[in-house]
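The values are calculated or read from the model by the stated rules, or taken from the named source; none is laboratory data. Keep in mind it's a predicted model, so treat the numbers as computed, not measured. Cβ coordinates were reconstructed from backbone atoms using ideal geometry, including for glycine residues, and neighbour counts include every protein chain displayed. Only protein heavy atoms, including side chains, enter the accessible area calculation; ligands, DNA and RNA are left aside. Shrake-Rupley method; radii C 1.70, N 1.55, O 1.52, S 1.80 Å.
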Amino acid sequence: ILNNISSTRLFYINIPVIKHITIGFSLLIECIRWMYTNRNTERILISYNIDTPILQVLLFMQKLGAKYVPIICDLPFYEEIEKSGNGFRKYLSSLAHKAQFKNIRKPAGMIVLNENVVEDFSITKHILIEGGVSEQDIQEKTEKAERSNKFTLFYSGSIDPFHGSDKILSIAQQLDPNQFTFVVCGRGNEWAEMFKQNTTETSVLQYKGV
């Protein structure tokens, strides 16, 4: 950690539900303390994704004068939550997911790693940082690569169109199997099954499951 950056360990009780509540209160106290200490300067709060209760606390800080800028890397499908889990845990997950969708346009700005987030939610104030490799870059590497130097691409995460799985299939079909291997790991219902069907011993695409 740099000399001008400090870290604070938040107190919480590691019991389901109570854990999130105590994290929320601890974060709220630390943010209020930080806001007061830096009351004479511009205050910007950055979070990784918009999970509950962090989202609610930092949006409240924005009402007190700070600017909240989350980094959005991944948003789950509500349909996936509906199909997974059961009981009270599933109910809490669905509430957290609805809170994400309801409040996603409220931060002062946003850093996104997926252009689909910007398009789906009509986000205007944002910085797009592509986390993948463009098709043009891959095509250029295909032209330059020697057959003796096989290059391995790797993806791990949710498998669905929202996370670019359709592009992965498209790219894999364009690559030379003598020069490239595209290894994919993750879960995604029918899309995972599609990846499995497109995987052979000699294919570029190699789906490894979860």
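Here are some notes:
- Solvent exposure of segment 159-210 as accessible area per residue, Å², 1.4 Å probe: 51 Å²
- Once backbone amide H atoms are built at 1.01 Å from N, residue 68 has 45, 108, 109 as its partners under 5 Å, excluding neighbours fewer than 5 places away on the same chain.
- 3J(HN,Hα) along segment 155-160, derived from phi through the Karplus expression 6.51 cos²θ - 1.76 cosθ + 1.60 where θ = phi - 60°, amounts to 9, 9, x, 5, 10, 6 Hz, with x in place of Gly and Pro.
- For the cross-link pairs 19/196; 67/90; 102/196; 150/208; 63/98; 63/125, the ones whose C-alpha atoms lie over 26 Å apart are 19/196; 67/90; 102/196.
- In this structure the amide hydrogen of residue 126, modeled in the peptide plane, comes within under 5 Å of the amide hydrogens of 110, none closer than 5 places in sequence on its chain.
- Peptides 31-44, 52-65 ranked from most to least packed, by the mean per-residue count of other Cβ atoms within 10 Å: 52-65, 31-44.
- Amide H contacts under 5 Å for residue 188: 159, restricted to partners 5 or more places along the chain or on a different chain, H placed in the peptide plane at 1.01 Å from N.
- 3J(HN,Hα) from dihedral phi, segment 25-32, Karplus parametrisation 6.51/-1.76/1.60, rounded to Hz, x for glycine, proline: 5, 5, 5, 4, 4, 5, 5, 5
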